[in-house]
Amino acid sequence: QVQLVESGGGLVQAGESLRLSCLASDSIFSINAMRWYRQAPGKQRELVATITRGGVRNYADSVKGRFTIFRDNGKNTVYLQMNSLKPEDSAVYYCNADRGVDNYWGQGTQVTVSS
C-alpha cells in the first residue's frame, strides 16, 4: 500500500505560479510512474503530467511549456511546478501512482486561479 499526500494548492491570480507536492509513503524507486491529474467541477478528470521511474515526462497539450513535473527521490516526493497559471487551470489536482498492478490516489489539493 502506498499513501500519497498532496499539498501546495491555493488561490492565485492569473499569471502567477504554484508548486504542488506529492509525498509518497514508500520509496518512489518502487513506483513505475507518477502522475498528476486534475478535475474541474462538472468535468472529467484529466491527465496533466506523467513522470516514469526512468525519468520520462509527458504533458497534456494544455499545459506544455507552463507546467513541469519532477521528482526528488531522496524525499519520496514528486512535484508539479505550474507557471503562467490561467483561470482554466482551476481544479482539484490529484497525485496518482502505479506500482506493479496496483494504482494509488491522493486526496487532492484545490487550485483556484482568479482572472
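The values are calculated or read from the model by the stated rules, or taken from the named source; none is laboratory data. What you see is a predicted model; the values in this text were computed from it and never measured. No Cβ is skipped: glycine too gets one built from the backbone with ideal geometry, and neighbour counts run over all protein chains shown. Just so you know, the surface numbers come from the protein's heavy atoms only, side chains and all, with ligands and any DNA or RNA stripped out. Shrake-Rupley method; radii C 1.70, N 1.55, O 1.52, S 1.80 Å.
On full extension of the chain, what length is gained from Ala40 through Gln13, given 0.36 nm per residue of separation minus the C-alpha to C-alpha distance?
8.0 nm
Taking Lys75 as the anchor, which aspartates and glutamates have their alpha carbon closer than 13 Å to its alpha carbon, excluding any fewer than eight residues away along the same chain?
Partners found: Asp26.
Compute the length gained on full extension between Ser25 and Asp72: take 0.36 nm times their separation in residues and subtract their Cα-Cα distance, giving the result in nm to one decimal.
Details: separation 47, 0.36 × 47 = 16.92 nm, distance 1.35 nm.
Difference between extended and current length: 15.6 nm.
Once you place label points 7 Å from the Cα toward the Cβ at Asp102 and Val56, how far apart are they in nm?
Distance between the two pseudo-spin positions: 2.4 nm.
Within the accessible area of the chain, what % is carbon and sulfur when the probe is 1.4 Å and the other protein chains stay in place?
Of the solvent-accessible surface of the chain, carbon and sulfur hold 47 percent.
What are the ³J(HN,Hα) values, in whole Hz, obtained from phi via the Karplus relation 6.51 cos²θ - 1.76 cosθ + 1.60 with θ = phi - 60°, for each residue of the stretch 4-21 in sequence order, with x given for Gly and Pro?
Ordered by residue, 3J(HN,Hα) equals 10, 10, 8, 7, x, x, x, 10, 9, 8, 3, x, 7, 10, 9, 10, 8, 10 Hz.
List the aspartates and glutamates whose alpha-carbon lies under 18 Å from that of Lys64, not counting same-chain residues fewer than 8 positions away?
Glu16, Glu46, Glu88, Asp89
Could you do me a favour and compute the accessible area per residue for the chain, 1.4 Å probe, result in Å²?
About 51 Å² of surface per residue is accessible.
What list of ³J(HN,Hα) couplings, whole Hz, do you get for the stretch 60-75 from phi and the Karplus terms 6.51, -1.76, 1.60, once you set θ to phi - 60° and write x for glycine and proline?
Along the stretch 60-75, the couplings run 5, 4, 5, 10, 4, x, 10, 10, 9, 9, 8, 9, 10, 4, x, 9 Hz.
With charges only on Cβ, +1 for K and R and -1 for D and E, what is the dipole size of the chain about its Cα centre, in debye, rounded to 20?
Values: 13 positive and 10 negative charges, 37 e Å.
Around 180 debye, computed over the chain.
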